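Beneath this line is the structure, given in structure tokens, with notes to follow.
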């Protein structure tokens, strides 16, 4: 659970231990057995440890990227009070998981209400990105909604720069240069790849590259200067973006590390006023104003002047990332019972919880048919299973 190795690698590790210990480990389980153990423990955790442990708790909600025409809706429970550090996997509880081809606002509302009924209590607030279906569903449920700070900062950057001619032209050139110089002697200086998804949330790498190229341009070989001379034409933009990205990183670091409260919001607003809006051109000033508007909106949702809340959904993005790394790369599988890895991973990341986690008892109490029942209630049809059965029937 805590390593980057897959289940087959687990079997290989056990085989090596058994070899070194001259067979004293007994018969090594096969890959399918290890996977079934993981699913059983995951289902036990999901059904018995799905209530947030704090009296005052919050939800973090998001849906995964599309996997074979399916998405996974995930609801995590966290303490409503910020823990004093960026959220870790051990700080969250998996409250609900559901796969579907499309989640509308009504579907989001329904899943939230189911989780509230199951837990017997309402969350103090909900954190999510600005997706219309999530926003609509949370609004319908009547819960307080905090917009994830990373997505909000990305939206502010997009609003200020997304349609600006110099920004559009420069990012277009970067894409062309990556294709043109790929596998050539100029490739060692290529800019980082720009993500197609959440591009404005991940600008720091290529903005940093551009400013470093400006700094070392005079010392580059003549051939490299000719190849990357376009960077000089966008010096003003790159310097401006460096300031903007630094502001985003400063604000996110404060709010993710120390929590969102009135005192930290004031720090952030003062920073924006001094470093972004002061002596700025129109678009940078607009960027700063959008951030101030966001901070004010989130401030108004606080109940107490000393209350410090979570305002980042990074942990749910990280959870999806870990799951993506572990699951089969075969996209035909879609969302399968392997998602039971998610609640087990969150549970076992807490080292103190493993001391009271009765592995043997949980394995005995969960049957394979229970996993099938979970799949029927929460998952769609597995196309690989359908494919196997269909081809098996052929003469």
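The values are calculated or read from the model by the stated rules, or taken from the named source; none is laboratory data. Being a predicted model, the structure only gives us computed values, none of them experimental. Virtual Cβ from ideal backbone geometry, glycine too; neighbours counted across all protein chains shown.
Observations on the structure shown:
- Filtered residue count, the stretch 240-258, keeping only those that are surrounded by 21 or more Cβ atoms within 10 Å (Cβ to Cβ) and either more than 27 Å from the chain's Cα centre (by Cα) or more than 25 Å from residue 164 (Cα to Cα) (or both): 2
- Verdict on residue 89 being surrounded by fewer than 16 Cβ atoms within 10 Å (Cβ to Cβ) and touching a residue at least 60 places away in the same chain (Cβ under 8 Å): no
- For residue 195, the criteria (1) in contact (Cβ under 8 Å) with a residue 40 or more places away in the chain; (2) assigned to a loop (DSSP other than H, G, I, E, B) hold in every case but one, which is (1).
- Evaluating residue 265 against the criteria (1) surrounded by 16 or more Cβ atoms within 10 Å (Cβ to Cβ); (2) farther than 29 Å from residue 180 by Cβ; (3) in contact (Cβ under 8 Å) with a residue 60 or more places away in the chain leaves one unmet condition, (3).
- Unique match (being surrounded by fewer than 17 Cβ atoms within 10 Å (Cβ to Cβ), touching a helix residue (DSSP H, G or I) at 6+ places or on another chain (Cβ under 7 Å), at pLDDT 85 or above and not assigned by TED's automatic domain parsing to the domain that holds residue 371) among 25, 30: 30
- Condition check for residue 380: assigned to a loop (DSSP other than H, G, I, E, B) and under 24 Å from residue 9 (Cβ atoms): no
- Selected residue (only one of 190, 214, 237 is over 30 Å from the mean Cα position of the chain (by Cα) and closer than 21 Å to residue 171 by Cβ): 214
- Any hit, the stretch 294-301, residues being part of a helix (DSSP H, G or I), farther than 30 Å from residue 237 by Cβ, within 25 Å of the chain's Cα centre (by Cα) and free of Cβ contacts under 8 Å to residues at least 12 places away in the same chain: no
- Just one of (1) over 30 Å from residue 310 (Cα atoms); (2) touching a helix residue (DSSP H, G or I) at 6+ places or on another chain (Cβ under 9 Å) fails for residue 172. It is (2).
- Residue within the stretch 353-374 that is within 24 Å of residue 62 (Cβ to Cβ) and touching a strand residue (DSSP E or B) at 6+ places or on another chain (Cβ under 8 Å) present: no
- Answer from 316, 335, 342 - the residue that is within 30 Å of residue 156 (Cα to Cα), touching a strand residue (DSSP E or B) at 6+ places or on another chain (Cβ under 6 Å) and touching a residue at least 60 places away in the same chain (Cβ under 8 Å): 316
- Meets criteria (touching a helix residue (DSSP H, G or I) at 6+ places or on another chain (Cβ under 8 Å) and not assigned by TED's automatic domain parsing to the domain that holds residue 80) for residue 333: no
- Residue within the stretch 242-253 that is touching a helix residue (DSSP H, G or I) at 6+ places or on another chain (Cβ under 7 Å), at pLDDT 95 or above and within 30 Å of residue 185 (Cα to Cα) present: yes
- Of the numbered criteria (1) outside the structural domain of residue 86 (by TED's automatic domain parsing); (2) farther than 22 Å from residue 315 by Cβ; (3) crowded, with 17+ Cβ neighbours inside 10 Å, the one residue 155 fails is (2).
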